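The values are calculated or read from the model by the stated rules, or taken from the named source; none is laboratory data. Note that this is a predicted model, so its numbers are computed, not measured. Here the Cβ is made from the backbone with ideal geometry for all residues, glycine too, and neighbour counts use every protein chain on show.
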Amino acid sequence: MSARTHSVDAPHRAGFVCFVGRPNAGKSTLTNALVGQKVAITSNRPQTTRHTVRGIVHRPDAQLVLVDTPGLHKPRTLLGERLNDVVRTTWAEVDVIGFCLPADQKIGPGDKFIAKELAGIRKTPKIAIVTKTDLVDPERLAEQLIAVDQLGRELGIEWAEIVPVSAVRGDQVALLSDLVVPLLPEGPALYPEGDLTDEPEQVMVAELIREAALEGVRDELPHSIAVVVEEMLPREDRPADRPLLDVHAVIYIERPSQKGIVIGPKGARLKDVGSKSRKHIEALLGTPVFLDLHVKVAKDWQRDPKQLRRLGF
């Protein structure tokens, strides 16, 4: 039964849904497609989702709170270990886990590593979601669906459902939502109607700046960028019909040599990062923004617990 034909007698359901999968399996894009607004940071770099960004899907019959965890991976740094702990804690606390596997890539060691971890979490219902179906033909998709079924059998995971989706085209996204609802506990909405995420706005603004800063420097600085929004204040002395929000943010990198990459020749790159992220921030907050960006070096911040804390990890 779809949300639109919701019967009066059916109980309302609400709960937490977590998408897992190796980096770039399409988790964040799927979150955005379900919520219908850009809330999770998406980039075709692995490991860009650093915060548990929750997107909230409001339906007449249910509320799905989507918890987007960082990709689980073999940790190489202290930051990596912390991210993995966050992932496992989240899995233990949610009502449904959606395991995302891209249709255009064969099941690999990374997928098996996550599937083995999932097999250890007995009680939580698991849906296998074959993502990016727009990139393959029906024959390849059928092979992938069979492979996913097989993977579950090998590891003793009983998939509640196996669903192919294309978040980019919107194919079967509504169906996925319909299939998740019966697996959620009965209960009232957990968040007020209209909320899309419970991330503090400053964290989301920092993520948008970080995403813009990563564009175009794919291979040079994959994980070396952290963004801290130092303050967001409405500009004083502005008429009520022409508000302006001042956003002061710092882009932190690990080494002085990376500064030039972020700033670009004659500051062109930084300017581009500013104008791109400003558009997204204005769309998110619904108000004109003046964005003040600075680039600073925080030496080896990923390996230093004190600096990790200061940068919000």
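Key figures
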| read-out | value |
| --- | --- |
| Residue check, Glu117 among the acidic types (Asp, Glu) and either assigned to a loop (DSSP other than H, G, I, E, B) or in contact (Cβ under 8 Å) with a residue 24 or more places away in the chain (or both) | yes |
| Positions within the range 141-156 being crowded, with 18+ Cβ neighbours inside 10 Å and over 18 Å from Asp104 (Cβ atoms), in sequence order | Gly152 |
| Cross-chain or 6+ apart pairs with Cβ under 6 Å, the range 293-313 first and assigned to a strand (DSSP E or B), then surrounded by fewer than 13 Cβ atoms within 10 Å (Cβ to Cβ) and at pLDDT 75 or above | Val297/Pro256 |
| Answer residue from the range 280-298, given it is among the hydrophobic types (A, V, I, L, M, F, W, C) and surrounded by fewer than 18 Cβ atoms within 10 Å (Cβ to Cβ) and is modelled with the highest pLDDT among those | Phe290 |
| Verdict on Val250 being assigned to a strand (DSSP E or B) and of a type in the set (A, V, I, L, M, F, W, C) | yes |
| Any chance Ser277 is on the phi < 0 side of the Ramachandran plot, buried (at least 17 other Cβ atoms within 10 Å of the Cβ) and either part of a loop (DSSP other than H, G, I, E, B) or polar (S, T, N, Q) (or both) | yes |
| Residues of the range 1-21 classified as surrounded by fewer than 22 Cβ atoms within 10 Å (Cβ to Cβ) and either within 27 Å of Lys116 (Cβ to Cβ) or modelled with pLDDT under 55 (or both), total | 9 |
| Residue list for the range 219-241, filter: free of Cβ contacts under 8 Å to residues at least 40 places away in the same chain and not acidic (Asp, Glu) | Ile225, Val227, Val229, Met232, Leu233, Pro234, Arg238, Pro239, Ala240 |
| Test: Val165 is touching a residue at least 40 places away in the same chain (Cβ under 8 Å), buried (at least 18 other Cβ atoms within 10 Å of the Cβ), in contact with a helix residue (DSSP H, G or I) (Cβ under 9 Å, 6 or more places away or on another chain) and under 14 Å from Cys18 (Cα atoms) | no |
| Candidates Val148, Val163, filtered to the one that is more than 20 Å from the chain's Cα centre (by Cα), at pLDDT 90 or above and of a type in the set (A, V, I, L, M, F, W, C) | Val148 |
| Members of the range 53-87 found to be part of a helix (DSSP H, G or I) and either at pLDDT below 70 or of a type outside the set (Lys, Arg) (or both), listed by number | Leu78, Leu79, Gly80, Glu81, Leu83, Asn84, Asp85, Val86, Val87 |
| Hits in the range 256-299 (condition: of a type in the set (Asp, Glu) and touching a strand residue (DSSP E or B) at 6+ places or on another chain (Cβ under 9 Å)) | Glu282, Asp292 |
| Any hit, the range 248-257, residues being out of contact with any Leu (no Cβ under 7 Å at 6 or more places or on another chain), under 26 Å from Pro23 (Cα atoms) and either without any contact (Cβ under 8 Å) to a residue 40 or more places away in the chain or exposed (fewer than 14 other Cβ atoms within 10 Å of the Cβ) (or both) | yes |
| Residue list for the range 120-140, filter: crowded, with 17+ Cβ neighbours inside 10 Å and not in a loop (DSSP other than H, G, I, E, B) | Lys126, Ile127, Ala128, Ile129, Val130, Thr131, Thr133 |
| Odd one out for Asp111 among (1) in contact (Cβ under 8 Å) with a residue 60 or more places away in the chain; (2) in contact with a Gly (Cβ under 9 Å, 6 or more places away or on another chain); (3) under 14 Å from Gly21 (Cβ atoms); (4) not in a helix (DSSP H, G or I) | (4) |
